[in-house]
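Following: one structure in structure tokens, then a few remarks.
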Amino acid sequence: MPNTARWAATFTLTATAVCGPFAGSALAAPQPGTSGLYAPSALVLTTGHGEDAAVATPERAVTLTCAPRPSGTHPAAVKACAELRASDGNFDALNGTTGAFCTKQYDPVIVTVQGVWEGKRVAYERVFSNDCVKNSATTALFSF
């Protein structure tokens, strides 16, 4: 192979190797409105009776996706996502109604949250003394 042909082949391969990724990324850019395989804010919430999530049987489970838009099986997904954003994802900062009258019956209810909130893995559990206390102490997030 003559030197000129060798230089042309080398130049073409080098240009393709250097400029190729730029052209490929422009062609492979995601379309507006599409999301990746995993949403950055997707949670699974469960509730059940017991004092420990490891031994309590989940009685109800819902999904909550807050990005790109609120969705899932949670009955109040829009409100729950708004509350989580307002608390910056801090589940303990969510406060429900005050002044509710509940019995002192001890029938523990456990609520768990597993998933990803704004790209960070979360695992949360909280025990309430009964359903009335759970419903009055929390917001729309745990009302399912």
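The values are calculated or read from the model by the stated rules, or taken from the named source; none is laboratory data. Since we're looking at a predicted model, the values are computed, not measured. Ideal geometry is used to build each Cβ from the backbone, glycine not excepted, and the neighbour counts take in all protein chains shown. Only protein heavy atoms, including side chains, enter the accessible area calculation; ligands, DNA and RNA are left aside. Shrake-Rupley method; radii C 1.70, N 1.55, O 1.52, S 1.80 Å.
From the residues in the stretch 35-89 that are outside any helix (DSSP H, G or I) and among the acidic types (D, E), which one is farthest from the chain's Cα centre (by Cα)? Give the derivation first.
Kept after step one, since they are outside any helix (DSSP H, G or I), are these residues of the stretch 35-89: 35-76, 87-89.
Okay, now just the ones that are also among the acidic types (D, E), so 51-52, 59, 88.
On the way: E51: 25, D52: 23, E59: 21, D88: 13 Å.
Residue satisfying both the conditions and the ranking: E51.
Let's see how each residue does on (1) closer than 19 Å to E51 by Cβ; (2) open to solvent by 50 Å² or more (accessible area, probe 1.4 Å); (3) at pLDDT 85 or above; (4) not basic (K, R):
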site: G96; (1), (2), (3), (4): no, no, no, yes
site: Y106; (1), (2), (3), (4): yes, yes, yes, yes
site: I110; (1), (2), (3), (4): yes, no, yes, yes
site: E118; (1), (2), (3), (4): no, yes, yes, yes
site: N135; (1), (2), (3), (4): yes, yes, no, yes
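Looking at G89 and the list (1) open to solvent by 20 Å² or more (accessible area, probe 1.4 Å); (2) in contact with a Ser or Thr (Cβ under 9 Å, 6 or more places away or on another chain); (3) among the small types (G, A, S), which single condition is not satisfied?
(1)
Of all residues in the stretch 118-144 being touching a residue at least 60 places away in the same chain (Cβ under 8 Å) and touching a strand residue (DSSP E or B) at 6+ places or on another chain (Cβ under 7 Å), which is nearest to S41 (Cα to Cα)?
V122
I need the full set of residues from the stretch 114-135 which are more than 18 Å from A86 (Cβ to Cβ) and within 21 Å of the chain's Cα centre (by Cα), in order please. Talk me through it step by step, then tell me what you get.
Kept after step one, since they are more than 18 Å from A86 (Cβ to Cβ), are these residues of the stretch 114-135: 114-116, 119, 121, 123, 125-135.
The answer is Q114, G115, V116, G119, R121, A123, E125, R126.
Confirm whether A61 is touching a residue at least 12 places away in the same chain (Cβ under 8 Å), surrounded by fewer than 15 Cβ atoms within 10 Å (Cβ to Cβ) and among the aliphatic types (A, V, I, L, M). Can you show your working first?
Values: touching a residue at least 12 places away in the same chain (Cβ under 8 Å): yes; surrounded by fewer than 15 Cβ atoms within 10 Å (Cβ to Cβ): yes; among the aliphatic types (A, V, I, L, M): yes.
Yes; evaluated as a whole, the condition is true for this residue.
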